[in-house]
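So the structure is just underneath, and the comments pick up after that.
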Amino acid sequence: MKIPNTPIMYFKKMTILAVALSIFATACKKNKNDDADDDVCAESNRVESGSIISNRYIVAYSPAAVNGRTMTASGLMERSRQMLEHHAIPAAKVEAVFGGEPGGFIANLSSEEANDLKNDVSINAIEPDRVISLATCFTVAAPRLITWNIAKVGYGDGTGKTAWIIDSGIDMDHPDLTVDANRSRSFVTGVTSPDDGNGHGTHVAGIIGGKNNTFGVLGVASGATLVSLRVLDDEGNGTLSAVIQALGYINQNGKAGDVVNMSLGEEESSAILIQQVKNTAARGIYLAIAAGNDGQLANKYSPGNANGTNIYTVSAVDSLDRFANFSNYGNDVVDFAAPGVYILSTFSQGRYAYLSGTSMAAPHVAGLLLLRGARITTSGYAVNDPDGTPDPIAHY
């Protein structure tokens with residue numbers, strides 16, 4: 001059954017759970033812009049986010065290193081081991097590789113070894129690996145078919161279109177989502193399943209592609225095929241290198257017109273991450289990226305500070321178009337605003353939940369990119385945007 005053409009919300013007849021569940025609730029931020037929902041907490045970065053991982057480095061090749069070729073994973077591994085051996089560093093220190101143009105590797109190195117590699121003409125950049133982590137607040141709730149946020153930005157049929165979700169995974173068995181298990185992967189060390197043990201990634205996925213059926217919630221691009229690229233564990237912890245590997249996987253397996261959603265970020269600016277985002281965008285793949293939840297200039301944080309064709313950074317507004325007080329801002333990198341306060345969507349273990357954050361804003365734009373490509377329209381502007389130039393609100 002198709003969604004009826006009516007502005008009236010349809011409530012599914014089921015018992016609303018009375019208990020509000022929360023993870024790391026002490027790290028959540030109140031949304032003072034929304035008086036009606038003053039108990040809503042927004043996701044935030046945990047205190048360890050951005051911390052350097054000792055002796056673990058991300059090494060990006062220069063284009064000359066691979067002679068303009070797109071190398072396979074096995075080719076990159078062999079090239080990387082030879083690189084270390086050339087510098088009298090044990091080849092076994094290469095832990096993983098990432099694809100792209102030209103790609104690179106992650107290795108367990110001393111600071112002296114890293115400094116030695118920096119002088120090699122085949123190396124474009126070396127950065128220490130860092131922790132990326134989320135503190136997520138959520139409230140489990142009964143679903144409604146057309147939520148206020150979907151009605152605001154618009155929706156359409158996303159069947160046959162692919163969205164790659166770089167996040168905590170996706171609930172692979174959620175009845176309201178179409179998940180491609182064959183292409184899904186985990187980049188979390190020691191974890192092989194792309195299934196979501198946190199809930200954040202599943203929430204993002206539902207905003208993009210919740211099915212057009214008689215239950216649950218409707219996504220912006222309903223029925224879209226969702227690929228789970230898991231980079232965060234059950235506690236919301238991950239690494240910068242995992243995100244870079246996930247983008248490398250998309251660079252080798254995605255196609256023009258696909259969309260990547262990145263509702264995550266780090267507390268620093270990473271040149272390698274920005275370049276990897278640009279590598280993906282250069283393939284005609286669109287990227288929707290959360291601006292971040294620090295209430296600061298977005299240009300300080302990666303990947304939200306990435307700029308270029310096919311790259312869209314998204315700030316958050318509430319149901320009255322008011323700029324969310326937690327949202328990062330800045331017209332030098334932010335392209336659109338979208339709903340990000342008290343958003344109902346799919347959640348882990350077949351559930352539905354409310355979350356707030358720019359993580360929720362970005363997938364609205366991801367869904368629109370699936371439907372319209374770069375031809376996204378706008379409807380109104382964010383009220384009280386801190387930078388003084390209101391962000392346009394994305395619309396179908």
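The values are calculated or read from the model by the stated rules, or taken from the named source; none is laboratory data. Computed from a predicted structure; not experimentally measured. Here the Cβ is made from the backbone with ideal geometry for all residues, glycine too, and neighbour counts use every protein chain on show. Each accessible area value is taken on the protein alone, full model and side chains, heavy atoms only, with ligands, DNA and RNA left out. Shrake-Rupley method; radii C 1.70, N 1.55, O 1.52, S 1.80 Å.
Worth pointing out:
- Any hit, the range 309-332, residues being hydroxyl-bearing (Ser, Thr, Tyr) and more than 28 Å from Ser348 (Cα to Cα): yes
Yes/no per residue for (1) touching a residue at least 60 places away in the same chain (Cβ under 8 Å); (2) surrounded by fewer than 22 Cβ atoms within 10 Å (Cβ to Cβ):
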position	(1), (2)
Gly156	yes, yes
Val179	no, no
Asn182	no, yes
Ser186	no, yes
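- Residue in the range 192-203 that is free of Cβ contacts under 8 Å to residues at least 24 places away in the same chain and open to solvent by 20 Å² or more (accessible area, probe 1.4 Å) present: yes
- Conditions (1) part of a strand (DSSP E or B); (2) out of contact with any helix residue (DSSP H, G or I) (no Cβ under 6 Å at 6 or more places or on another chain); number of the one not met by Ile126: (2)
- Complete set of residues in the range 62-104 that are hydrophobic (A, V, I, L, M, F, W, C), under 21 Å from Val243 (Cα atoms) and open to solvent by 10 Å² or more (accessible area, probe 1.4 Å): Met71, Ala73, Met77, Val94, Ala96, Val97
- Search result, residues across the range 105-128 that are open to solvent by less than 50 Å² (accessible area, probe 1.4 Å) and either over 21 Å from Gly190 (Cα atoms) or at pLDDT below 95 (or both): Ser110, Glu113, Ala114, Leu117, Asp120, Ser122, Ile123, Ala125, Ile126, Glu127
- Among residues of the range 254-270 being surrounded by fewer than 24 Cβ atoms within 10 Å (Cβ to Cβ) and at pLDDT 95 or above, the one that is nearest to the chain's Cα centre (by Cα) is Asp258.
- Within the range 63-118, the set of residues being under 26 Å from the mean Cα position of the chain (by Cα) and among the hydroxyl-bearing types (Ser, Thr, Tyr) comprises Thr70, Thr72.
- For the range 161-177, residues that are of a type outside the set (D, E, K, R) and open to solvent by 30 Å² or more (accessible area, probe 1.4 Å) total 2.
- Among residues of the range 274-284, those that are buried (at least 23 other Cβ atoms within 10 Å of the Cβ) and of a type in the set (A, V, I, L, M, F, W, C), counted: 1
- Residues in the range 362-381 include at least one that is within 22 Å of Val259 (Cβ to Cβ), among the charged types (D, E, K, R) and open to solvent by 40 Å² or more (accessible area, probe 1.4 Å).
- Selection from the range 324-355 of residues that are in contact (Cβ under 8 Å) with a residue 60 or more places away in the chain, part of a loop (DSSP other than H, G, I, E, B), out of contact with any Lys or Arg (no Cβ under 7 Å at 6 or more places or on another chain) and open to solvent by 30 Å² or more (accessible area, probe 1.4 Å): Asn331, Tyr342, Arg351
- In the range 180-230, the qualifying residues are those that are within 24 Å of Ile106 (Cβ to Cβ) and assigned to a helix (DSSP H, G or I), and the one that is nearest to the chain's Cα centre (by Cα) is Gly201.
- Count of the range 234-291 residues which are in a loop (DSSP other than H, G, I, E, B) and not aliphatic (A, V, I, L, M): 16
Okay, residues lined up against (1) over 18 Å from Ala366 (Cβ atoms); (2) of a type outside the set (Ser, Thr, Tyr):
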{"position": "Ser193", "(1), (2)": "yes, no"}
{"position": "Thr202", "(1), (2)": "no, no"}
{"position": "Thr214", "(1), (2)": "yes, no"}
{"position": "Thr225", "(1), (2)": "no, no"}
{"position": "Asp234", "(1), (2)": "yes, yes"}
{"position": "Ala242", "(1), (2)": "yes, yes"}
{"position": "Ala281", "(1), (2)": "no, yes"}
{"position": "Ala306", "(1), (2)": "no, yes"}
